[in-house]
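A.B. asks: Quick one: this structure, given as structure tokens, is what I'll be asking you about.
The values are calculated or read from the model by the stated rules, or taken from the named source; none is laboratory data. All values derive from a computational prediction rather than experimental measurement. Counting neighbours? That spans all protein chains shown, and the Cβs are built from the backbone with ideal geometry, glycine included.
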Amino acid sequence: MNSEAQKTEEHGNEDQLRARIEDLEKELERGRIKYDLDTQTLKARMREIRDKERKKAFEFKCRYEELLKETQQSIQQSEDVADTELNRRKEAEAPNELNHNGRKESRSNISDKAVQTDEANITIYKERIREHEERVTTDTVHKGDNKAVHELFKRTSSFKESNRALLTLNQYIERTEDDITRLQDELHRCEEKIKELTESTGRARSEKAFLEQENQRLKEEFGKLHLRYSEAAGSLMLDRNPSIADLSDATRPTKLAESFSELYDNQYTDAFQELFGPEEDVIQHLLNICMKIHRACQRVASEYINRLEETTIKLSESGRTIFNQTTEIPASTRKYILEIRKSVSEQIIKELLLYFRDRFVQDEENIGKQMDSTAKYIEKCTELCWCMAIKDPPVVLGDIPTEGSPVNTDLFRFYTRSGNYVRYCVWPPLLLHKGGALLRKGIVQGK
């Protein structure tokens, strides 16, 4: 009962674990689906923002390149103007240098100073041009692209918000991944538990199968032992105990008693009608046939057993002959000897019939001609007397009372005349064994 309850509890725990695993797998699948959807949405949003920013950056680059080109053109024009002015001054000074060649040396210092002054002016002018270029660039950027910068700032703010949303989504994804990891760990533990329970269940089933086989083997062995015990007990009870009838035996004493009564009613009556002579002589003749056959069968059966026992005693277990030793036959061996005698009954009955027919049918005198009914009577007497003789102990016919002896009504009934004394015996009584209980009463003629 405890093992069955334990097995039921294990099955219940296993079912609960399986249900828990199914719930975890469903929850994990839902988390994965949501994670995939959020990831796809975020990627689409990032692609959209990236495309827009790239477009704005491209437009800004194009505008910046246009402004830069205009600024460079303006600077180039300023440099051209400066170069033109410088060339003009040089050309204006060249004739003066040719006309006043004589005074070249005296005025060299003044010319050097003028040149230095011009170079300084040119440097200052170029510096002013660069400042003008920077102002133009700055004014162009501030005046022409204030709207683009403002739009870029808005896009940058939107990108920052998207980054914050992405960060939040990444945090959610991390939490989801942590939950997935936790659920996977729990799933792994549940699978390990299921594996342990499966192995335990397998061992329990193997043990159950082994115990069932052992139980079946023990039942079969018990059945065989019980059968052997029953057979041994039955044999022990039946062995030399005629008071207990073996119902499986067709020649048990009660059946023999019925057959003995039928012999008197049928074959005896036919043979009596067939024979010639005085009634008492015919009765005595048929009675003598029955008694002689009975004594002969008893003697032959006893001698047959004695010879088999003598042969068995002289044989040792190794097959060597043991002489001049008195050995008691075991009950099991005696049983086999009796079975051997019973197995050859048919052949022995044939031999006895040949002997009795020759003796009683052909050699008997003072009786009329012998016929078939008498032969059938002798045959039936031989069969019954042999079956009685091979019983253990043998079933026997009672003693024949002498003429003039008192009638024992416990053993005999009257023929045609009653009386206190016996005139002659008609039919012998049948006893379970010598000195045993009465099976069928005999018949006497009283006086």
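A.B. asks: Modelled with pLDDT of 75 or more and either closer than 22 Å to N266 by Cβ or outside any loop (DSSP other than H, G, I, E, B) (or both), is that true of K376?
C.D. replies: yes
A.B. asks: Can you name the residue in segment 274-300 that is modelled with pLDDT of 90 or more and over 22 Å from L352 (Cα atoms) and is also farthest from the chain's Cα centre (by Cα) among such residues?
C.D. replies: If we take residues in segment 274-300 being modelled with pLDDT of 90 or more and over 22 Å from L352 (Cα atoms), then P278 is farthest from the chain's Cα centre (by Cα).
A.B. asks: Would you call P429 of a type outside the set (V, I, T), at pLDDT 95 or above and crowded, with 20+ Cβ neighbours inside 10 Å?
C.D. replies: Yes, satisfied.
A.B. asks: Turning to a different aspect of this structure: Can you list residue pairs whose Cβ atoms sit under 7 Å apart, with the first residue in segment 46-71 being at pLDDT below 75 and the second being not in a helix (DSSP H, G or I)? Count only pairs 6 or more apart in sequence or on different chains.
C.D. replies: Matching pairs, first to second residue: R63/D145.
A.B. asks: I've got another one for you. Name the one entry in E346, E303 that is modelled with pLDDT of 60 or more, loosely packed, with under 15 Cβ neighbours inside 10 Å and under 30 Å from Q273 (Cα atoms).
C.D. replies: Result of the check over E346, E303: E346.
A.B. asks: Under 8 Å by Cβ, and 6 or more places apart or on different chains, what pairs join a residue from segment 383-397 that is over 13 Å from V300 (Cα atoms) and in a helix (DSSP H, G or I) with one that is of a type outside the set (S, T, N, Q) and at pLDDT 90 or above?
C.D. replies: Note: pairs meeting the criteria are L384/L256; L384/F260; L384/L263.
A.B. asks: Give me a count of the residues in segment 269-282 that are in a helix (DSSP H, G or I) and either farther than 22 Å from E403 by Cα or in contact with a Gly (Cβ under 6 Å, 6 or more places away or on another chain) (or both).
C.D. replies: Number satisfying all stated conditions: 5.
A.B. asks: Is at least one residue of segment 21-29 in contact with a Cys (Cβ under 6 Å, 6 or more places away or on another chain), in a helix (DSSP H, G or I) and at pLDDT 80 or above?
C.D. replies: Yes.
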